[in-house]
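Reviewing the structure listed below.
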Amino acid sequence: MKNRFHLMLCVLTVLAIFSPSPAMGGKAAPDKVAPRTHKSKRGRQILPVNAKILQVAGHAGFLALPKDVKPGRKTPWLWYLPTANNLPGKLEQWMIDKCLANGIAVAGIDLGGDFGTPAGRVILTAFHKEVTRNRGLTKKACMLARSYGGLQMYNWAAEHPESVACLAGIYPVCNMASYPGLKSASRKYGMTEEKFVKELRDHNPVDRLAPLAKAKVPIYHNTGDVDTLVPAKDNSFLVAKRYKALGGDIAITVFKGQGHNYWPGFFEDKAMAAFIIKHAKRVASIPRVLIVGDSISGGYGKPLIKLLEGKVEIVKLGAVAGYRIQKETFWHSRGPAKNLDFGSAKACIADFERFERHLSETKYDVIHFNFGLNDIFRGRKGAWHNPVDQYARDLAKIVTLLKKNGAKIIWANTTPIPANDAHRPEGDDLIYNAAAEKVMKKNNIPINDLHGVVTKWDGYAEWKKGDNVHFPGAVYSKLARRVAEKISAQLEANKTRGKPL
């Protein structure tokens, strides 16, 4: 029996990963406008007006957008869990309507009676990728769970705290030792009870709060003081005690005389609605910045994201990209790629049409970009990968495209070349930077002097003797601070000029 459960879990995980879905690189079924209600064995599921049914990783999901969504702008959203059987139902409509009226989308995906299992988490991740990358929703979601949906919500959120704006729960299950009990829960996880107990800390929400507290994710629960099915003392109150000990922010409203029932007050909680709306609007106001560049931008990308965490949403396209349009990378410009993954100006031009489409669909507040090291690269015959005159023409074409997006643009010049690089002669960086400077000055684009940051580094003279254009982590941290300063200054200038963020 144990082997059968493990086999089932593996099959579900494989299906979740490889089932067709745009987020997973496959071809999805066309969207359908959902009927207002769906009958099921356990009741009537009621979806928002004009909700669309999405097929993701072999599961049906729904997405309802508010009216007048601006093309290219990210839309904040409420992620409702669980979406299954009779949920969302009539009771959820008040909160759904409040969100839509305040410009907040509502979405969910049917996992059946999943209790936050690893297989279920894979499907939730696929759904998040689909709606954020292809449907215009913000990376950070406001999550709302009812009852056992708390297991789905907390287990996914604990593994993706950077993608969570806030957590809200209506008498949520947070402790499987309390509900449904370890014996029943172990069956859901395809384990023996003995094995499940040993691994409980990896799956039980009350034991997985540290990443959420570190990410400063705010939490709000409501519950009843006579709930015997999901007792507050073993669930919401235990979460509150541990979360506060970790430095987390959590609030709980306790409704007297109420249990695990259908009392409308749980679902029409004005404090909960205000909490969700507040954090959804906060996420929507976060500026979005595009970073385009070669492996040097990949090096400073991680510390940059950390420096601007909570202040800026970073989208990265480059030789080492943290953001992928589809699946695979490619080297420079050898034919079409499955990714918008640019390591050189030449590569950008080779995939220009898709880059143009991306920029027409996605609006940015600031675009920071750099190319050069891979354009300078000389092959076996000593010829430049992209001759300097062509490089300048490519940059001019790229700049013209970037301007159409409406973002403020910052150019970062090419970092130095060491003396013994086999494929990049010393001094070529100066030649290419001079060509780029002419293009940028002609287009009134400010230049971020990353070349100067490196040459002023104390260890530059020793590094210069080597053959590697890349740097130790401390230098990437310096570059990240410089880029963060330039981006922050531009965002402040945008505010001063009244540019909407």
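Modelled this way, with points 7 Å down the Cα-to-C-beta line, the labels at Ser285 and Glu199 are 4.3 nm from one another.
Considering the range 122-235 at the alpha-carbon level, its Rg and Dmax are found to be 14.6, 44 Å.
Around the Cα centre of the range 174-302, unit charges on the Cβ atoms of Lys, Arg, Asp and Glu (plus for the first two, minus for the last two) sum to a dipole of about 320 debye. Please list, or write none, the lysines whose alpha carbon is within less than 22 Å of the alpha carbon of Lys441, excluding same-chain residues fewer than 8 places away. The qualifying lysines are Lys346, Lys397, Lys403, Lys404, Lys408, Lys486.
By the scheme Lys and Arg +1, Asp and Glu -1, what is the net charge of all other residues having a beta-carbon under 13 Å from that of Leu402? Computed value for this residue: +2.
Across all Cα atoms of the range 96-187, the radius of gyration (one decimal) and Dmax (whole number) stand at 13.7, 43 Å. What FRET efficiency, computed as 1/(1 + (r/R0)^6) with R0 = 25 Å and r the Cβ-Cβ distance, is obtained for Asn444 and Glu162, rounded to the nearest 0.05? Efficiency computed from Cβ-Cβ geometry: 0.10.
Summarised in one figure, the compactness ratio Rg/Rh of the range 347-501, Cα atoms and Kirkwood Rh, is 0.99. For the range 49-143, the equivalent ellipsoid derived from the Cα gyration tensor has semi-axes of 21, 16, 11 Å, listed largest first. A simple spin-label model places the labels of Thr455 and Val226 7.9 nm from each other, with each point 7 Å out along Cα-to-Cβ. Kirkwood analysis of the Cα pair distances in the range 418-459 returns a hydrodynamic radius of 11.9 Å. Take each peptide in 454-463, 369-378, 181-190, count the other Cβ atoms within 10 Å of every residue, and average; sorted highest first, the result is 369-378, 181-190, 454-463. Highest average first, the peptides 168-175, 346-353 ordered by how many other beta carbon atoms sit within 10 Å of their residues are 168-175, 346-353. What does a probe at Ala274 reach in the range 163-200, counting residues whose amide N is under 19 Å from the point 7 Å along Cα→Cβ? The answer is 166-170, whose backbone nitrogens lie closer than 19 Å to the label point. Here Lys195 is the anchor, and the lysines within straight C-alpha reach of less than 28 Å, apart from those fewer than 8 places off in the same chain, are Lys2, Lys183, Lys233, Lys241.
Each label was represented as a point 7 Å from its Cα along the Cα-to-Cβ direction; for Glu485 and Asp207 these points are 4.7 nm apart. Taking other Cβ atoms within 10 Å as a rough exposure proxy, Asp202, Asp97 sort from fewest to most as Asp202, Asp97. Taking 15 Å as the straight-line reach from the Cα of Lys216, the aspartates and glutamates in range (excluding those fewer than 8 positions away in the same chain) are Glu159, Glu162, Asp249, Glu309.
Laboratory data are not the source of any read-out in this text; all were calculated from the coordinates shown. Because the structure is predicted, anything quoted here is derived from the model rather than measured. We place every Cβ from the backbone using ideal geometry, glycine too, and count neighbours over all the protein chains shown.
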